[in-house]
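The structure appears below as structure tokens.
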Amino acid sequence: MAFVKGAGILAAALALIMLMSFWAAGRAREALDDTAREKLLADGAAYSFVDLPEGTVHYRLEGPEAGPLVVLVHGFSTPSPVWDDYFTPLTEAGYRVLAYDNFGRGLSSRPDAVYDAELFDRQLAGLLEALNVNRRIDLVGYSMGGAIATVFTARHPDLVRSLTLIAPAGLGVAANENVEMLKRPLIGDWIVRLFGTRLFYSAAAEEARNAPNPGAFLAGFNRQLEYRGYGDALLSTMRHYPLTGADTSFAAVGASEHPVLAIWGETDEVVPYENATRLMELVPQAHLRSYPATGHNITFANPGLVSGLIADFLKTQDAKVTSAGMGGKPRGPLVRMESRVCGSCSHDAAEGDPFAEAPKAN
């Protein structure tokens, strides 16, 4: 009896310690409030902020005011600085460029909300309204941002002129036992609250090795870790966002007349390149550009390549497309970083216009 009583006391003590450590970890970091934002602006560590009903959004907007508006949507954990190397080439090409931090990431608010497709859809729609955007946008999404962009295009087709997807989530992600454990109630919350910062930073540091400027990449990533709520937001996203199962939204885009460009690294271990087969089935008008020996980090590891593809696509986004879907594994030249070409995806276009209508076989 004494043993049972002692075990109960020990269990209660451990539970109390875990609860106190959970609470303390949540309060250990600075709140991302108006005072913090004013300091970030004064230090030149932020661009602009706008208040939406569910929180404040950090954004960067540059380029000629009359130019077509390109909106860049980042992925699951890395905030908008992932697009830093895209502003110069796209603005010099005549585009107005908008990048922003999704809720829970970067320097945007971490609202006490369910981080599902509806939240991020409302955020993007609200941001465009707050910035008085009165023209259709060219929407670009990377990883989870690809899912956000696809859902947005499906729900607001009249607001989007073209869609570019870079290793898009929404059709499945690689299995990860650690992620599955974090999705579990209580234990996942405790692990993320106490150890999430270290886990997320370690993963980013591994990816940063392939960035052109690892120091700048990590600085942009690490800044968001200084404020409370980042780990909780990511955990809610793991549990509620459709990183898998957004087929209906992709199919809606496929049934539309929106021009679509898909860019993928063939050794992607986060959003497997095999998903491109399903993407092309659902979005048959898409032009697929895939690259060997290139992983999920293609966006920040090869910004010159990807920004050039985007600019070329946007120049011809009104061109007719006649692809009938993905007929097999993309094929083509493999010299350095040249893209593979999908034989049935309208890629064998006339020389000098890679996104023009493919010549028909006799």
**Prompt:** Which of (1) in a helix (DSSP H, G or I); (2) more than 15 Å from F76 (Cα to Cα) does L234 not meet, given it meets every other one?
**Reply:** (2)
**Prompt:** Does any residue in the range 71-90 that is within 14 Å of A211 (Cβ to Cβ) and of a type in the set (D, E, K, R) come within less than 9 Å, Cβ to Cβ, of a residue that is modelled with pLDDT of 95 or more and open to solvent by 30 Å² or more (accessible area, probe 1.4 Å) six or more places away or on a different chain, and which pairs are these?
**Reply:** D84/R60; D85/G304
**Asked** From the residues in the range 206-216 that are aliphatic (A, V, I, L, M) and modelled with pLDDT of 75 or more, which one is surrounded by the most Cβ atoms within 10 Å (Cβ to Cβ)?
**Response** A211
**Item:** Tabulated pairs, the range 239-250, first in contact (Cβ under 8 Å) with a residue 24 or more places away in the chain and of a type in the set (S, T, Y), second outside any helix (DSSP H, G or I) and open to solvent by 30 Å² or more (accessible area, probe 1.4 Å), C-beta under 6 angstrom, 6+ apart or interchain
**Value:** Y241/D116
**Request:** Give the residues of the range 152-175 that are under 20 Å from Y115 (Cα atoms), at pLDDT 95 or above and open to solvent by 10 Å² or more (accessible area, probe 1.4 Å), sorted by residue number.
**Result:** A154, R155, H156, L171
**Prompt:** Mind checking which pairs have a first residue in the range 35-47 that is within 14 Å of G220 (Cα to Cα) and a second that is open to solvent by 60 Å² or more (accessible area, probe 1.4 Å) and among the acidic types (D, E), Cβ under 8 Å, 6 or more apart or different chains?
**Reply:** none
**Item:** Where a residue in the range 50-61 is closer than 12 Å to R110 by Cα and its partner, wherever it lies, is among the hydroxyl-bearing types (S, T, Y) and part of a strand (DSSP E or B), with Cβ under 8 Å and at least six apart
**Value:** V57/Y100; H58/S48; H58/Y100
**Request:** With the checklist (1) in a helix (DSSP H, G or I); (2) of a type outside the set (K, R); (3) open to solvent by less than 60 Å² (accessible area, probe 1.4 Å); (4) within 29 Å of L32 (Cα to Cα) in hand, flag the one item P242 doesn't pass.
**Result:** (1)
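Condition check: more than 22 Å from F250 (Cβ to Cβ), assigned to a loop (DSSP other than H, G, I, E, B), in contact (Cβ under 8 Å) with a residue 40 or more places away in the chain and of a type outside the set (K, R). Does V173 satisfy that?
No.
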**Prompt:** Going through the range 245-267 one residue at a time, which ones are hydrophobic (A, V, I, L, M, F, W, C) and either open to solvent by less than 20 Å² (accessible area, probe 1.4 Å) or assigned to a helix (DSSP H, G or I) (or both)?
**Reply:** A246, F250, A251, A252, V253, V260, L261, A262, I263, W264
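In the list L243, L225, which residue meets the criterion of being farther than 30 Å from L279 by Cα and in contact with a helix residue (DSSP H, G or I) (Cβ under 8 Å, 6 or more places away or on another chain)?
The match here is L225.
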**Complete:** Exactly one of R209, R228 is touching a residue at least 12 places away in the same chain (Cβ under 8 Å) and not aromatic (F, W, Y), and that residue is R228
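Just to be sure, is G265 touching a residue at least 60 places away in the same chain (Cβ under 8 Å) and on the phi > 0 side of the Ramachandran plot?
For G265, the condition - touching a residue at least 60 places away in the same chain (Cβ under 8 Å) and on the phi > 0 side of the Ramachandran plot - is not met.
The values are calculated or read from the model by the stated rules, or taken from the named source; none is laboratory data. Please read all numbers here as calculations on a predicted model, not as lab measurements. Because the Cβ atoms are built from the backbone with ideal geometry, glycine has one as well, and the counts that use them run over all protein chains shown. Note: areas computed on protein heavy atoms with side chains; ligands, DNA, RNA excluded. Shrake-Rupley method; radii C 1.70, N 1.55, O 1.52, S 1.80 Å.
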